[in-house]
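Here the structure is laid out as structure tokens; the discussion comes afterwards.
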Amino acid sequence: MNRPSILLTGGAGYIGSHTFVALHGAGFAPVILDDFSNSHPAVLERLERITKVRPVLEKGDVRDVAFVETVLRRHRPAGVVHFAGSKAVGESVAQPLKYFDNNIGGAISLLRAMETLGGELRPTLVFSSSATVYGDPATVPITEDFPRSHTNPYGHTKLVIEDMLLALQRARPEWRIAILRYFNPVGAHPSGLIGEDPAGIPNNLMPFVTQVAVGLRAHLNVFGGDYPTPDGTGVRDYIHVDDLAAGHVAALQALFAGQESFTVNLGTGRGYSVLQVVRAFEQASGRKIPYEIVARRPGDVAQCYADPSLARRLLGWEARKGIDEMCADAWRWQEGNPKGYAG
Ligand code: WQD
């Protein structure tokens, strides 16, 4: 059976690698374009163990238009999923130019290459956006028509790329574009072979918790205990990375089936506080997570969780895995890979 090719920029990363597995399972032939600037080559061998096929890799920088054009000509993908980009909020505040260059420059390069081949390949794109484009929402749950704003350069790049895609859509109606706004991706493939592998000190809650559990960190700092939330700690919509990956497959299938371009939230619709996540993780792992409540982290919002009904209506997709499974799968990955892919 000839499998339609799908190009995954940043496909060796956390979300990309899990989407690789989901696309393969859905009958596609995913191709990874990655420069390993924020991922590890060892993921390729892990993906082969899961899918039984050696991933096709195109090693290079998505900002190199000629390279991207060559890759598009070689593989003639039916669709492209654009994951490649930098994603650490704190780092983006310290190094805004790196984020504007890498994220916006990378998107422009990809879009130009796709436009060059537009005559031969109907441009079909899924873009990895983020709930961060909602800034500090006035109410929750959040629907896609909520006002957007940015509170840091990382979020600003996501917002700018969304606007570029909307302008492109108006100018080129034949393009098929899906913008997916991720809430908080956590967990790992149940095999424990692939998972989240942050460089340095984790910015995000779950990898920090798993590193405390495995003994790499002494305790968790809970950023703020005085938010207007049930237990005073921040509330977020954690979504299992495999549910997120399934959302990408559903988005591509909808575009191929004729669904016009769209923007959807990919979240569970349920919020959990930091302390609720800690308790769920302790239950799932059997490990105690010592923590200390400290000052709020600048830029954090009190609550952020999705109304996912549009994705359910348009794509027939909804998240299926609960917080317990998210914690159990995150722990299996960390326990089996205490130092991530570096081993
Ligand atoms: C979650 C909650 C923290 C770490 C960001 C980006 C978003 C996406 C996911 C890239 C908050 C608290 C965290 C810690 C803590 N990034 N926390 N101690 O900030 O909701 O979202 O990451 O794709 O675009 O905005 O995620 O995991 O950093 O924080 O108390 O050591 O955990 O205050 O309430 P966030 P997070």
Odd one out for residue 136, checked against (1) open to solvent by less than 40 Å² (accessible area, probe 1.4 Å); (2) farther than 29 Å from residue 329 by Cα; (3) within 13 Å of the ligand (Cβ to nearest atom): (1)
Residue satisfying all of: in the stretch 182-199; away from the ligand (no atom under 13 Å from the Cβ) and closer than 19 Å to residue 10 by Cα; most open to solvent (accessible area, probe 1.4 Å) among these: 199
Complete set of residues in the stretch 214-223 that are aliphatic (A, V, I, L, M) and more than 8 Å from the ligand (Cβ to nearest atom): 214, 216, 218
Number of positions in the stretch 224-255 that are over 24 Å from residue 329 (Cβ atoms) and either near the ligand (Cβ under 10 Å from one of its atoms) or of a type in the set (Asp, Glu) (or both): 6
Among the residues listed as 233, 157, the single one being β-branched (Val, Ile, Thr) and either open to solvent by 10 Å² or more (accessible area, probe 1.4 Å) or not in a helix (DSSP H, G or I) (or both): 233
Of residues in the stretch 153-179 being within 22 Å of the chain's Cα centre (by Cα) and basic (Lys, Arg), the one nearest to the ligand (Cβ to nearest atom): 158
Only one of 113, 88 that is under 23 Å from residue 34 (Cβ atoms), of a type in the set (A, V, I, L, M), surrounded by 15 or more Cβ atoms within 10 Å (Cβ to Cβ) and touching a residue at least 60 places away in the same chain (Cβ under 8 Å): 88
For residue 211: the one exception among (1) assigned to a loop (DSSP other than H, G, I, E, B); (2) closer than 20 Å to residue 240 by Cβ; (3) within 13 Å of the ligand (Cβ to nearest atom): (1)
Contacts under 9 angstrom Cβ, first residue in the stretch 231-246 being among the hydroxyl-bearing types (Ser, Thr, Tyr), partner near the ligand (Cβ under 9 Å from one of its atoms) and part of a loop (DSSP other than H, G, I, E, B), 6 or more apart: 233/224; 233/227; 238/183
Helices (runs of 4 or more DSSP H) contained entirely in the stretch 265-343, each with at least 1 residues that are closer than 19 Å to residue 218 by Cα and open to solvent by 80 Å² or more (accessible area, probe 1.4 Å): 274-285, 323-336
Meets criteria (of a type outside the set (D, E, K, R), more than 26 Å from residue 332 (Cβ to Cβ) and more than 16 Å from the ligand (Cβ to nearest atom)) for residue 303: no
Close pairs from the stretch 45-63: first surrounded by fewer than 18 Cβ atoms within 10 Å (Cβ to Cβ), partner of a type in the set (Lys, Arg), Cβ under 7 Å, at least 6 apart: 48/54
Sole exception among (1) open to solvent by 20 Å² or more (accessible area, probe 1.4 Å); (2) closer than 23 Å to residue 15 by Cβ for residue 118, by number: (2)
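Listed here are the residues, each with its yes/no results for (1) under 17 Å from the mean Cα position of the chain (by Cα); (2) in a strand (DSSP E or B); (3) surrounded by fewer than 20 Cβ atoms within 10 Å (Cβ to Cβ); (4) touching a residue at least 40 places away in the same chain (Cβ under 8 Å).
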| residue | (1), (2), (3), (4) |
| --- | --- |
| 206 | yes, no, no, yes |
| 221 | no, yes, yes, yes |
| 227 | no, no, yes, yes |
| 254 | no, no, no, yes |
Residue in the stretch 21-31 that is closer than 21 Å to residue 110 by Cβ, touching a Leu at 6+ places or on another chain (Cβ under 7 Å) and open to solvent by less than 60 Å² (accessible area, probe 1.4 Å) present: yes
Test: residue in the stretch 285-300 that is under 20 Å from the mean Cα position of the chain (by Cα), within 25 Å of residue 188 (Cβ to Cβ) and more than 11 Å from the ligand (Cβ to nearest atom): no
Extreme residue, nearest to the chain's Cα centre (by Cα), among residues of the stretch 82-113 that are within 12 Å of the ligand (Cβ to nearest atom) and among the aliphatic types (A, V, I, L, M): 88
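The values are calculated or read from the model by the stated rules, or taken from the named source; none is laboratory data. All figures in this text were calculated on a predicted structure; none of them were measured in a lab. Quick reminder, even Gly has a Cβ in these numbers, built from the backbone with ideal geometry, and neighbours come from all protein chains shown. Ligands, DNA and RNA are stripped out before the accessible areas are found, and what is left, the full protein with its side chains, is counted by its heavy atoms. Shrake-Rupley method; radii C 1.70, N 1.55, O 1.52, S 1.80 Å.
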